[in-house]
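Following: one structure in structure tokens, then a few remarks.
The values are calculated or read from the model by the stated rules, or taken from the named source; none is laboratory data. None of the values given here were measured: they were computed from a predicted structure. In this analysis, Cβ positions are derived from the backbone assuming ideal geometry, glycine residues included, and neighbour counts consider all displayed protein chains.
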Amino acid sequence: MPLHVYEGLSGESITTILKPGKRGDSQEMRSIVKGMVDYLREKQPETSIVFRGDGHFSYPEVMDHIEETDDAKYIVGLTADSRLLKDADATVKRAVKMYKESGNKDRKRCDRKEYKQWKPEQIRGYLCSDVIKLSG
């Protein structure tokens, strides 16, 4: 599973880190992110960093580390669970309505939400994004 690292202002790719398909634990994932931050800060201290990964990197400890790092952000994909699907329902319904009204084949709609992940006191913002593809 890849972890993409981007320069935050230009959006240019810095690197992609490939890891085994097996999900590592939070300490392993945090170690990967910390190592990359340390390396980039040594080489280019003023660089804005954006991490983009899948749910394997969505441990609270990893996200906390990135949030505590100056000028670093993250985007992680979360596997849909019943709570996310329930929150996304209104967004999907709006997208379907917009599709029917406009006739566009692809319609994308995003909303910023709040999501409690693992522990109630750890609130993460997320974007719910769906592309609705309907035929005829």
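Numerical summary
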quantity: Candidates SER102, SER13 - the one that is exposed (fewer than 13 other Cβ atoms within 10 Å of the Cβ), among the hydroxyl-bearing types (Ser, Thr, Tyr) and over 17 Å from the mean Cα position of the chain (by Cα); calculated: SER102
quantity: Answer residue from the range 56-83, given it is among the hydroxyl-bearing types (Ser, Thr, Tyr) and closer than 23 Å to PRO45 by Cα and is modelled with the highest pLDDT among those; calculated: THR69
quantity: The range 41-64 residues that are without any contact (Cβ under 8 Å) to a residue 60 or more places away in the chain, paired with ones that are part of a loop (DSSP other than H, G, I, E, B) and β-branched (Val, Ile, Thr) (beta carbon under 6 Å, 6 or more apart); calculated: GLY55/THR79
quantity: Failed condition for PHE57, given (1) under 11 Å from the mean Cα position of the chain (by Cα); (2) farther than 19 Å from ARG23 by Cα; calculated: (2)
quantity: Qualifying positions in the range 41-64 - assigned to a helix (DSSP H, G or I) and surrounded by 18 or more Cβ atoms within 10 Å (Cβ to Cβ); calculated: HIS56, PHE57, VAL62, MET63
quantity: Count - residues of the range 4-27 that are modelled with pLDDT under 90 and either in contact with a helix residue (DSSP H, G or I) (Cβ under 6 Å, 6 or more places away or on another chain) or among the charged types (D, E, K, R) (or both); calculated: 5
quantity: Set GLU28, GLU67: member being surrounded by fewer than 13 Cβ atoms within 10 Å (Cβ to Cβ) and outside any strand (DSSP E or B); calculated: GLU67
